[in-house]
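Novice: Starting off with a structure, shown below.
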Amino acid sequence: MGTPRVGILMGSDSDWPKIKKVAVALEEFGIEFEVNVMSAHRTPHAVADYATSAEERGIGVIIAAAGGAAHLAGVVAAHTVLPVIGIPVPTADLGGMDSLLATVQMPGDVPVASMAVGMGGPRNAGLFAVQILATGDPELRAAFHKFKKELVGKIETKNANFKASLNEPNG
């Protein structure tokens with residue numbers, strides 16, 4: 001394994017099943033990453049230490065996923081100059097609206113890019129991290145261009161298959 005280029009933080013280990021598509025997206029592009037469980041409220045010093053040391057350790061982007069009072073991304077952003085991507089994790093009580101609002105309501109001068117709650121949010125966080133890294137990596141940028149072209153082909157195939165299914169008799 002090489003040096004991780006992306007750091008993934010979760011407020012709880014129970015968040016992993018909800019956000020593991022971040023890792024899948026990064027793996028598709030061969031991006032090394034590390035994953036840690038840290039809480040903005042329960043381990044604030046560990047979060048600050050992680051965020052302040054990430055750049056010197058070779059991390060280029062930090063993805064922070066948290067639910068409820070989801071302040072993890074904001075606390076990380078307060079302690080680093082690296083891009084921070086927040087994933088609001090769905091919750092049982094409010095369906096993730098609490099997480100979303102806590103992630104997107106950042107004060108001026110402390111930017112956090114926020115992804116969607118559920119469904120595409122984790123995958124998009126991974127892909128956005130790839131795009132950020134690709135700005136300084138021509139090989140990675142070429143791989144992302146290829147990904148986008150393949151995406152068009154996949155949708156065209158799905159459309160053709162769907163249209164063909166409309167003409168099939170119901171079994």
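The values are calculated or read from the model by the stated rules, or taken from the named source; none is laboratory data. Computed from a predicted structure; not experimentally measured. Glycine also receives a Cβ, built like all others from the backbone with ideal geometry; neighbour counts cover every protein chain displayed.
Novice: Taking interchain pairs and intrachain pairs at least six residues apart, which have beta carbon atoms under 7 angstrom, with the first residue in segment 1-21 and in the same structural domain as Glu56 (by TED's automatic domain parsing) and the second basic (Lys, Arg)?
Specialist: Lys21/Arg123
Novice: Restricting the search to segment 21-47, which residues are within 17 Å of Phe128 (Cβ to Cβ), surrounded by 15 or more Cβ atoms within 10 Å (Cβ to Cβ) and among the charged types (D, E, K, R)?
Specialist: Of everything in segment 21-47, just one residue is within 17 Å of Phe128 (Cβ to Cβ), surrounded by 15 or more Cβ atoms within 10 Å (Cβ to Cβ) and among the charged types (D, E, K, R), namely Lys21.
Novice: Please indicate, with yes or no, whether at least one residue in segment 120-132 is of a type in the set (Val, Ile, Thr), within 18 Å of the chain's Cα centre (by Cα) and at pLDDT 95 or above. Outline the logic, then answer.
Specialist: We begin by selecting, within segment 120-132, every residue of a type in the set (Val, Ile, Thr); these are 130, 132.
From what's left, within 18 Å of the chain's Cα centre (by Cα): 130, 132.
Narrowing the set further to residues that are at pLDDT 95 or above leaves 130, 132.
The answer is yes; a qualifying residue exists.
Novice: Can you tell me how many residues in segment 16-31 are more than 13 Å from Ile63 (Cα to Cα) and out of contact with any Phe, Trp or Tyr (no Cβ under 8 Å at 6 or more places or on another chain)? It would help to see each step written out before you state the result.
Specialist: Initial filter on segment 16-31 (more than 13 Å from Ile63 (Cα to Cα)): 17-18, 24, 27-31.
Among the residues that remain, those that are also out of contact with any Phe, Trp or Tyr (no Cβ under 8 Å at 6 or more places or on another chain) are: 17-18, 24, 27, 30-31.
Residues in segment 16-31 being more than 13 Å from Ile63 (Cα to Cα) and out of contact with any Phe, Trp or Tyr (no Cβ under 8 Å at 6 or more places or on another chain): 6 in total.
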